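The structure under discussion appears below in the form of structure tokens.
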Amino acid sequence: MKRKEHRRIPEWFTVRRGVYGLRPVSIQTTLDSSSPYVIDVVDGRPKLLLHGEEICEVHFPKPLKYYTRKFDDGTAYHEIIAFGYFVTVFRNCQYWGPDEECRFCDINMNARQMKESKDFTFNAPVKPVEYMVEVARSIEQDATEEVGFTPPIDFLITGGTILKTLHGKDELSFYSEYVSALKWGGRRRFVNLQTNAQDKETMKRYRAAGVDCHHSNMEVWDKRLFEWINPGKNRRVGWDGWVKSLIDEVDVFGEGNVRPNFVGGVEMAKPYGFETVAEAVKSTAGGVDFMMRHGIIPRFNQWRREPGSNLVSQQPQPPIPLEYYLQLMGSYYHSWKKYNLPLPRRECVHPERRIGSGHGTYDDILLLNELPDYEQAWDRGLNEGLKGCVTREYDGAGDRGPYPGSLPQSGRGKELPR
């Protein structure tokens, strides 16, 4: 690394206070030697610096207990399930090459690099079901011991698209095996599944297998840009088919349990993306409003320039202006309030992830506006751990105030901003 940065870093960090009086927001970590931002130690504490000037405090997540455990073959538990939540069961995608792969994504190149790397204890493309089951059991047991009872726990199963077969199974059969093993292998588990868009009957079979919430990631709303950025998805499903699938999924999984991902900012990618923030926000905000009208709650990750992706390798991609994210999230919150939608579930075992997502724009706008005493709730999670997130003192007359589990359940809480 050019500036002698550490390569071993946490998945996310939280920014707070500082010159702008920031409330806690968790941000997914990205290493970029050209970034003007640096996290360094100032007066014995980690701080975020911009061009050498101190901006704010930085807090790192505490590692979960299971991160110290390994299987007999040396495989680290956390490489099977990351931060107590994320299960990548298939690390390749069968959308191969420039005519199929999503242009912002480098999943296949990343898988090849992992296979060659010595930094990982497990680099096979497919994770064994029995390993996932054991790690989930370990996570649940730790949570139960800490809290005193088994709290609700969210998991997300994800992986690349399977166009034909993998280990003799089609996509439905392959992912359903993992879903059923995870869902019914413990108590109070809520299982998210991230796959391709499918027809309604396939989604019913996923629901029967144990899926509680489905994420069929559309990535970009504009139809013209969908065709360019997602060539494989466009060729095999198409924009119209994808949107129909999202609407049908609500009938299967229920309002608020359909959560397609969008890559915030990729609609401004060079050379064919929108030229102005106003155009990009108008397009995507219109899509958000359409989806929320149908009970779909999309989620956004900031566009991170993945070095092996088609977009980055073919042309320089300038940073997306901050104004884009501010305007888009304002519109997002407005639509969420207008359609009186529920708050997304946040039942992770990591206390910080019950407040912030670890992805910046991903649900933070809702939590920042809807959770009373947001900072106090974050402090309880930081200081008291998971127990501070799922329990509170109550004497019959009053209590010590809101906590992450006491989020209002819909957009009825506050007046809509004018």
TODO: Take segment 136-177 and flag every residue that is farther than 27 Å from residue 235 by Cα and of a type in the set (A, V, I, L, M, F, W, C).
DONE: 136, 139, 143, 147, 149, 153, 155
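For residues that are part of a strand (DSSP E or B) and either at pLDDT 95 or above or not assigned by TED's automatic domain parsing to the domain that holds residue 192 (or both), scanning just segment 60-85, find the one that is farthest from the chain's Cα centre (by Cα). Even if it seems obvious, please write down each step before you answer.
Narrowing segment 60-85 to residues part of a strand (DSSP E or B): 70, 76, 82.
Filter again for either at pLDDT 95 or above or not assigned by TED's automatic domain parsing to the domain that holds residue 192 (or both), leaving 70, 76.
Values: 70: 25, 76: 22 Å.
Going through the qualifying residues, I end up with 70.
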Task: Residues of segment 227-258 that turn out to be part of a helix (DSSP H, G or I) and either without any contact (Cβ under 8 Å) to a residue 60 or more places away in the chain or not assigned by TED's automatic domain parsing to the domain that holds residue 294 (or both), as a count - done: 17
- [ ] Quick one: count up the residues across segment 86-106 that are closer than 17 Å to residue 310 by Cβ and at pLDDT 80 or above.
- [x] 10
TODO: Of the conditions (1) buried (at least 20 other Cβ atoms within 10 Å of the Cβ); (2) on the phi > 0 side of the Ramachandran plot, residue 89 clears all except one; give me its number.
DONE: (2)
Open item on the list: Please determine whether any residue of segment 277-295 is out of contact with any Gly (no Cβ under 8 Å at 6 or more places or on another chain), polar (S, T, N, Q) and farther than 22 Å from residue 241 by Cα.
Closed with: no
Task: For residue 353: the one exception among (1) surrounded by 13 or more Cβ atoms within 10 Å (Cβ to Cβ); (2) at pLDDT below 85; (3) assigned to a loop (DSSP other than H, G, I, E, B) - done: (3)
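Just one of 404, 417, 372 is out of contact with any Lys or Arg (no Cβ under 9 Å at 6 or more places or on another chain) and modelled with pLDDT under 90; which is it? Spell out the reasoning first.
Details: 404 fails: out of contact with any Lys or Arg (no Cβ under 9 Å at 6 or more places or on another chain); 417 fails: out of contact with any Lys or Arg (no Cβ under 9 Å at 6 or more places or on another chain).
Exactly one of 404, 417, 372 is out of contact with any Lys or Arg (no Cβ under 9 Å at 6 or more places or on another chain) and modelled with pLDDT under 90, namely 372.
The values are calculated or read from the model by the stated rules, or taken from the named source; none is laboratory data. Every value quoted in this text rests on a predicted model; they were computed, and no experiment measured them. Positions of Cβ are backbone-derived with ideal geometry, glycine not excepted, and every protein chain shown enters the neighbour counts.
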